[in-house]
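The values are calculated or read from the model by the stated rules, or taken from the named source; none is laboratory data. Only a predicted model underlies this, so the values are computations on that prediction, with no experimental measurement involved. Here the Cβ is made from the backbone with ideal geometry for all residues, glycine too, and neighbour counts use every protein chain on show.
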Amino acid sequence: MTAAELATKILDAMLGHLGLAAEIQIQETEDGPTLQIFSSEKETIIGDNGDRLDDIQYLVNRILRRQMPDAVRVKVDCEHFRSMQEDRLHVEVRELIELVKTQRKTYRMRPLNAFYRRLAYNVIAEDSAVTASSPPGDDRLKRISISPK
């Protein structure tokens, strides 16, 4: 059994215990396997701004690692919510970069979790006219500051 198949079983059991009916599909992406949830209760699964989806993903990966220590990290999405969030984040970062370059001022982004910060840093790294930083520490959400070079 692959890590994605085991993760699907874990996710299906979790959703079943919560009384949520869903169809789960495994999608292979460049970042590894994604478990795509399709459900009539997607708002319940996603939560506020994806918070519940983040929690579900965290738990699936924790349980998966206990049963399969070398398993790859699995991404959990619900009706492409994360994909759409990532696309919006890319647009937001590019707009901020242009603002920083034209106004020659530092701008701070909205608070982001580690995954979304990594995506933002990847977009920022594509432009040599700006630099970025975020405060040190273990906070779950941090703001990235984008500055002109």
* Asked: Exactly one of (1) surrounded by 17 or more Cβ atoms within 10 Å (Cβ to Cβ); (2) assigned by TED's automatic domain parsing to the domain that holds Leu11 is unmet by Leu112. Its number?
  -> (2)
* Output yes when any residue across the range 37-47 is modelled with pLDDT under 95, basic (Lys, Arg) and under 22 Å from His17 (Cα atoms), and no when none is. => yes
* **Residue within the range 115-125 that is part of a strand (DSSP E or B), within 25 Å of Glu28 (Cα to Cα) and either of a type outside the set (Ser, Thr, Tyr) or touching a helix residue (DSSP H, G or I) at 6+ places or on another chain (Cβ under 6 Å) (or both) present** => no
* Residue by residue through the range 25-53, note down the ones that are hydroxyl-bearing (Ser, Thr, Tyr) and over 14 Å from Ile10 (Cα atoms). => Thr29, Ser39, Ser40, Thr44
* To do: Answer with yes or no whether Phe38 is of a type in the set (Phe, Trp, Tyr) and over 30 Å from Val130 (Cα atoms).
  => yes
